[in-house]
Structure formats: C-alpha cells, structure tokens
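> Pasting in a structure now, in structure tokens, and then I'll have a few things to ask.
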Amino acid sequence: MPELPEVENARQVVEHALHRSIVEVDDRDTYECRPHQPGEIAGVLVGGRLTAARRRGKTMWCETQTADGSEGPTLGLHLGMAGRIIVTAPVGERDSATGPSGSNASVYGGDPHVGERETDKPEWTRFSITFDDGGQLRLFDKRRLGRVRLEPDIDSLGPDAAEITRDEFRERVGTSAAPVKARLLDQAVLAGVGNLLADEVLWQASLNPARRAKTLTTDELDELRVELRKGLRSATRLGGVHTGEVISSRRKDATCPRCGAPMARGTVGGRTTWWCSREQA
C-alpha cells in the first residue's frame, strides 16, 4: 500500500486540479466508487470546483465548492496498491509540475512498475473529472484497488506522522506493551507509517521491531521520532519509501548495509519484518 510519502506526492499533484470548473465526472466504476451509485458523485461535483487537497497519514481528500459557491462534500481519493493520480494541464498548455518529459500531464507514479505508455490505457482509468479548460484529473488504477468516495472517515486516524509532536509521540507510541513496530503501524495511533517505512526507521534507530514499546527510554523514543521525520522527508523528496537505505536488503541472504551482518526475517504486528541480526538484536 502507498505510505505517507507516496500519498503526499499525489496530494501535491492534485493541487494542480484546484479551482478549475468541473464540467463532467465519470464515476461509473461501481467497485472503485462504492458504495455510491453511478452519477451520485457526479451529481454533487459537476458545476463546482475542488478547492483544497488535504492529507492525514495515507488518507487523502479534497474539499469542494458547489456550483452556487457554497461548501460541498469532501471527496476521498485512495490510491490502493498501484493507483496513480494524473492531472493534465488545460488544452494547449504545458503543466509546470513534474511529469513525463514532453507531456502536458502532471503524473503521480504510485507503482514504479507501471510504465508511462500504460497510463494511456483508458480501461485503467477508474474515475475522472473533466474541467472546462479541457484538462482532467484521473485515477489510473491497473489493479482496481483504489477507492473514491464522498465524506471519507478521517476521525478515526491518529496524528499525522510528519506532524506529531515529541510529547504526543512519547505518549502514543511509548506507553504500550505492544511491539514498537505494531505501534508505528497502528493508524489510530499514528497515521501514515506502513510496513516498509517502519522497517526503515527502526533500522535507522537500531531498535528491534519486536521490542515492547513501553520499554523504550525517552531518549530512544525521541531518536525514533527524529529518524521517522528524516525518513519521511527523504522518501517524499526521492519519490517513495522504496528509496530507503535498508529496503533493498529486505530479502533472503541479504546483509545489513551498515554493518554487514545477515538480515533477519520474522513477523511482527502481523506483517513481514526485516531487521539487522546484530544491531537490532
């Protein structure tokens, strides 16, 4: 699943769709747009605008304005495992945001295995918004695991992992008897950390992922938060959590890129987990 950095990159792409008048919405994919019926999302968006692109953790949504200028419903956009958000520039213009060379599109690449040519396959566009300037916002989703819905639930999420304060982190992560990795992955505790990022920041902090969170010292918790923030900034800048230093070593017969010891594998918090057998023992 996309983690906070990937979703943040997608949110930045969605910003290129803001304040453009909506003339058409294709919401016919009843699986991607569940529980809404075809035309239900279109009925509240056409004539209006997207006014802001928001994110908390891995959850992204847009604030909207109706045709009469009043506040509209929020529009949730979930990428699933391999979804991309594609925003194209007005007809005849080139978008200044990052996108394929020579293209007029600002493209979020949620799956590095999906090539640029594949984004032209119309059957893999599960939801789209067309603007009066000829541009579009499209959810391109080869595996059909994304989601579009009105009024997504964000109240159940904990603080955003990129914004959580030191005291909040100590309280939310460090007071539980659960394994520290399980606490990092609990979206009600801390929103935005997924399996790869958790392994990366625990490796950076030299902490065993199975260690009980409440046994961490204040200094260890503070260092873990520092590494989390550094990891988030780096992954957002470089294009995703797959760019982490230890990620390529999460495999059989791999060694720790820092000390050369064998990487260990197990299950923590229900997720496949890798750690350095020496430094994170």
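Derivation of every value follows stated rules applied to the coordinates shown; laboratory data play no part. From a predicted model like this one, the values you see are computed outputs, not experimental measurements. Quick reminder, even Gly has a Cβ in these numbers, built from the backbone with ideal geometry, and neighbours come from all protein chains shown.
> Pulled fully out, how much extra length does the chain show between residue 67 and residue 24, if you take 0.36 nm times their separation in residues and subtract their Cα-Cα distance?
Working: separation 43, 0.36 × 43 = 15.48 nm, distance 1.28 nm.
Difference between extended and current length: 14.2 nm.
> Can you give me the long-range amide H partners of residue 48? Hydrogens built in the peptide plane at 1.01 Å from N, cutoff under 5 Å, separation of 5 or more residues or another chain.
22, 67
> Straight-line reach from residue 121: which aspartates and glutamates have a Cα under 20 Å away, not including same-chain ones fewer than 8 places off?
24, 26, 27, 29, 32, 111, 141
> Over region 147-201, how many percent of alpha carbon pairs lie in each 5 Å bin up to the one with the longest distance?
Computed distribution, short to long bins: 4, 19, 27, 25, 13, 6, 5, 0.
> Which part of region 5-49 falls in the paramagnetic zone of residue 143, meaning amide N under 19 Å from the point 7 Å along Cα-to-beta-carbon?
What the label zone holds, given the 19 Å backbone N cut-off, is 5-11, 31-34.
> Students often forget the sequence filter, so: which lysines lie under 19 Å Cα-Cα from residue 181 once same-chain residues fewer than 8 apart are removed?
Candidates past the 8-residue exclusion: 58, 214, 230.
> Here's something else I'd like to know. Add +1 for every Lys or Arg and -1 for every Asp or Glu among the other residues with Cβ under 10 Å from the Cβ of residue 211, and state the total.
+2
> Here's another thing I want to ask about it. Cα centroid distance between region 37-54 and region 237-281, in Å?
Cα centroid of region 37-54 versus Cα centroid of region 237-281: 42 Å apart.
> A further question on this structure: Against the longest alpha carbon principal axis of the chain, how many degrees, from 0 to 90 and to the nearest 10, is the axis of helix 4-14 turned?
Approximately 20 degrees, to the nearest ten.
> Once label points are set 7 Å from the Cα along Cα→Cβ at both residue 261 and residue 40, what is their separation, rounded to one decimal in nm?
Calculated label separation equals 5.3 nm.
> Also, quick follow-up: Angle between the Cα long axis of helix 218-238 and the longest principal axis of the chain, 0 to 90 degrees, nearest 10?
40
> Return the single residue from 61, 124, 203 with maximal mean-square fluctuation; model: Gaussian network over the chain, springs between Cα atoms under 10 Å.
124
> Stretched out fully, how many nm does the piece from residue 242 to residue 167 gain, at 0.36 nm a residue minus the Cα gap?
Once the chain is fully extended between residue 242 and residue 167, it gains 24.1 nm.
> Here's another thing I want to ask about it. Give me the percent relative contact order of region 125-281, please, defined on Cα pairs under 8 angstrom at least 6 residues apart. Each step should come with its number before you reach the end.
Details: 220 pairs, mean separation 30.3, N = 157.
For region 125-281, the relative contact order is 19 percent.
> Once you treat every alpha carbon in region 1-100 as an equal point and sum by Debye, what is log10 I(q)/I(0) at q = 0.13 Å⁻¹?
Once normalised to I(0) and log-transformed, intensities are -0.49.
> Which value, in Å to one decimal place, does the Kirkwood hydrodynamic radius take for region 139-260 when every pair of different Cα atoms is included? Show your work: numbers first, answer last.
Working: mean 1/r = 0.0643 Å⁻¹.
Averaging 1/r across every pair of different Cα atoms and inverting gives 15.6 Å.
> Select from 228, 43, 17 the residue farthest towards the positive end of the dipole of the chain; place +1 on Cβ of Lys and Arg, -1 on Cβ of Asp and Glu, and compute about the Cα centre.
Working it through, the farthest residue towards the positive pole turns out to be 228.
> Simple spin-label model, 7 Å along Cα-to-Cβ: residue 212 to residue 254 in nm?
About 3.0 nm, to one decimal.
> How high is the relative contact order of the chain, given as a whole-number percent (alpha carbon pairs under 8 Å, six or more residues apart)? All intermediate terms of the calculation are to be shown ahead of the outcome.
Numbers: 606 pairs, mean separation 51.1, N = 281.
After rounding, I find 18 percent.
> What is the list of residues in region 238-266 whose amide nitrogen lies under 16 Å from a point 7 angstrom out from the Cα of residue 277, following Cα to Cβ?
Under cut-off, by backbone N: 249-266.
> In Å, what Rg and Dmax follow from the Cα atoms of the chain?
That works out to 20.3, 63 Å for Rg and Dmax.
> Give me the Kirkwood hydrodynamic radius of region 197-281 in Å, from all C-alpha pairs, to one decimal place? Intermediate values should be presented prior to the final figure.
Numbers: mean 1/r = 0.0761 Å⁻¹.
With all distinct Cα pairs of region 197-281 included, I get 13.1 Å.
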